[in-house]
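Just so you know, all these numbers are worked out from the coordinates, no wet-lab data involved. This one's a predicted model, so the numbers in the text were calculated from it and none came from an experiment. All Cβ positions, even for glycine, are placed from backbone atoms using ideal geometry, and neighbour counts span all protein chains on display.
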Amino acid sequence: MEFTELIQHRQSDRRYTDKPVEKEKIATCLEAARLAPSANNSQPWKFIVVDDPDLKDRVADCSASLGMNKFTFQAPVIIVVVLEQENIFSSIGGKVKDKVFCHYDIGIAVSHFCLQAAELGLGTCIIGWFDEKKIRELLNINRKRRVPLIISLGYPGAPVRPKKRKSLKEISSWNTY
């Protein structure tokens, strides 16, 4: 798939078939995330693949509140993204520049994961609404670690939707604000 076609195809999927996701495809997505760039090559991430059905449903339960994210129960896999300690250079640089580089790094790695998944015919949805404390407890994640995002993963159960985006003129300018 050409890159332009890939970014037009990738969407937040909220419906999945019951077809299991092959471990080789998950590993390919993890490899894409592993190769993502990061500030000072810090690589401040760990991806926990949750594919045990009972455990996956318990993680899904942590994201399905106030009527949100109930589709996570349909997804055969949930990827839990753990923010690991960034290296000293990235940490100091972030303090000097008043930026949290590790958050950008996680976003880039997750984007790589999701684009790779789309190329393989898989659907994803990046989720930020969940009970982080409960997920940390379920997966034995050190309480000092943060879980900024989870990703639902599976074969899409709905067709690709047309993109609704702001115009290029609304989101860009040349040489001045």
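Can you list the trypsin sites (Lys or Arg not before Pro) in segment 1-43 that are in a DSSP coil and have 15 or fewer other beta carbons within 10 angstrom? Here the trypsin sites (Lys or Arg not before Pro) that fit, given the DSSP loop and packing criteria, are ARG15. Pairs exceeding 23 Å between alpha-carbon atoms, taken from LYS133/LYS164; LYS19/LYS70; LYS95/LYS169: LYS133/LYS164; LYS95/LYS169. Helical content of the chain, expressed as a calculated mean residue ellipticity at 222 nm, amounts to -11500 deg cm²/dmol (DSSP H runs of 4 or more residues, -39,500 (n - 2.57) each, divided by residue number, nearest 500). Rounded to the nearest Hz, the phi-derived 3J(HN,Hα) couplings of segment 86-91 under the Karplus curve 6.51 cos²θ - 1.76 cosθ + 1.60 (θ = phi - 60°) are 7, 6, 4, 5, 5, 5, where x marks glycine and proline. By other beta-carbon atoms within 10 Å, ranking SER152, SER65, SER38 with the fewest at the front produces SER65, SER38, SER152.
Close amide-amide hydrogen proximity is noted between GLY123 and GLY154, TYR155, each under 5 Å apart and 5 or more residues distant or on a separate chain (H modeled in the peptide plane; Pro and chain starts excluded). Labels on offer are (1) -0.52; (2) -0.64; (3) -0.44, and the one holding log10 I(q)/I(0) by the Debye sum over Cα atoms at q = 0.11 Å⁻¹ computed from this structure is (1). Shown in residue order for segment 34-49 are the 3J(HN,Hα) couplings computed by the Karplus curve 6.51 cos²θ - 1.76 cosθ + 1.60 at θ = phi - 60°: 4, 7, 5, x, 8, 4, 6, 6, 5, 6, x, 9, 9, 10, 9, 8 Hz (x for Gly and Pro).
Packing, taken as the mean count of other beta carbons within 10 Å per residue, orders the peptides 161-173, 92-104 from highest to lowest as 92-104, 161-173.
In this structure, the amide hydrogen of TYR16, modeled 1.01 Å from its nitrogen in the peptide plane, lies closer than 5 angstrom to those of GLY157, counting only residues at least 5 positions away or on a different chain. Each peptide among 54-61, 116-123 gets the average number of other Cβ atoms lying within 10 Å of its residues, and from highest to lowest they stand as 116-123, 54-61.
Annotation: amide H of LEU139 has no partner in the under-5 Å range at sequence separation 5 or more or interchain, hydrogens built in the peptide plane.
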